[in-house]
Amino acid sequence: MSKAPSLADRLQKARAVSTPEVNDRAKRGLLAYLGAQSDAARAAADLADGTAATGIGRVALSGLAPKGLACTDGCAFCCILSGEDGGTITEAEAVALHEALAPLAGQPDGRAWHPKACPSLDPNTRSCRAYAARPMICRAYVSTDVEACKSVSEGQAAQGPGTLGPYHTYLAAIGLSRAALKGTKRVSTYALSRVAAAAVEGASLDEALAASRHKPTELDAELKRSKRDLLRT
C-alpha cells in the first residue's frame, strides 16, 4: 500500500493563478514555513486560516523600503472602499481585525466621515483604529501622490497608488494552501469591510465571519486580478 502524500508533497504539486515567479516565491515560503514547524497538524491549520500566507507576506514587506511615499497618518483616501467588499483577507486576519475593533462597538466609525470609508477608521482623525491588526491589503497598498489617491477614491484612474509585490506573493500563498489542502481542510477568505462593519456594529466573531465569508470563486477572481496587475507591470 502506498503512503499518503504529505502536506509538503501536496504543496509541491499545487498550483495557483499567478505568474511563475510569484508562484515559485510563494511556494518556497510555504515549504520553508512547513519545514520550521514540528507539529504537522498545527502547520496544516496555519495554512488553512492564512497564518502562513500572512506571515510570508509580512516578512517580504519588512525587507522593502520604498522611497518617495506620500502615505501619512490621517491621509485615508485609500480607505474609501469600492464596492461592498473592501479587499480579500484571510481568516486569521479577519479574527485579528474583529478582535481589535469589537471593543469599539457602538462608537462612530469611518463611515461618519465618508459613506464608503472603512469602518476601522476614526471619523475625526481618519486614523486606523486597528492599525496593528491591519491586513496585508492595507499594509501593501502605498502611494507617491496624495492627489492621485483622492482621484482614485472618486473613481478616476491616476498614477501614484499601487500594491507592493509581497501582496501578490501572499495571495498566491493562499491559493497554493487551498490547492494543497483540498479535500482535507477548508481555506476561506473574507471581505475586509464586512468584517470591520460587523465588529463595530456589535456582531460576535462567529456572526462576523459568517456574514463576510467569500464564496470560493472570489479568491480565484482576486488571483486573476493580481496576475493581470503583475503582467501589466
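Where a number appears in this text, it was derived from the coordinates with a stated rule and is not lab data. Being a predicted model, the structure only gives us computed values, none of them experimental. Using ideal geometry, Cβ is built from the backbone for each residue, glycine included, and neighbour counts are taken over all protein chains shown.
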Exercise. Provide the three semi-axes, in whole Å and in decreasing order, of the ellipsoid equivalent to the chain as defined by the square roots of 5 times the Cα gyration tensor eigenvalues.
Key: 31, 21, 15
Quiz item: Fully extended, how many nm does the chain gain between residue 84 and residue 112 (0.36 nm per residue separation, minus their Cα-Cα distance)?
Solution: 8.4 nm
Quiz item: Applying 1/(1 + (r/R0)^6) with R0 = 25 Å to the Cβ-Cβ distance of residue 75 and residue 225, what FRET efficiency is obtained, to the nearest 0.05?
Solution: 0.55
Self-check item: segment 17-232, relative contact order in percent, only Cα pairs under 8 angstrom and at least six apart counted
Solution: 31 percent
Quiz item: Toward the positive end of the charge dipole of the chain, about the Cα centre and with charges on Cβ (Lys, Arg +1; Asp, Glu -1), which of 155, 170, 120 goes farthest?
Solution: 170
Practice problem: Could you check the simple spin-label distance between residue 13 and residue 39, using points 7 Å along Cα→Cβ, in nm with one decimal? | Solution: 2.8 nm
Exercise. Between residue 67 and residue 24, take the C-beta separation as r, use R0 = 25 Å, and let me know the FRET efficiency to the nearest 0.05.
Key: 0.40
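Rounded to the nearest 20 Debye, what is the dipole magnitude of segment 17-232 about its Cα centre when Lys and Arg each give +1 and Asp and Glu each give -1 at the C-beta? Present the calculation step by step, with values, prior to reporting the outcome.
Numbers: 25 positive and 23 negative charges, 127 e Å.
Around 620 debye, computed over segment 17-232.
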Quiz item: For the chain, what number of Lys pairs, 8 or more residues apart or on separate chains, have alpha-carbon atoms under 18 Å from each other?
Solution: 12
Self-check item: Pairwise centroid distance, computed over Cα atoms, of segment 123-143 with segment 38-83, Å
Solution: 11 Å
Quiz item: With point charges of +1 on the Cβ of Lys and Arg and -1 on the Cβ of Asp and Glu, referenced to the Cα centre of the chain, which listed residue (11, 52, 95) lies farthest in the positive direction of the dipole?
Solution: 11
Quiz item: Which distance in nm do the two modelled labels at residue 207 and residue 233 give, with both placed 7 Å along the Cα-to-Cβ direction?
Solution: 3.9 nm
Quiz prompt | Amide H contacts under 5 Å for residue 189, placed H, 5+ residues apart | solution = 214
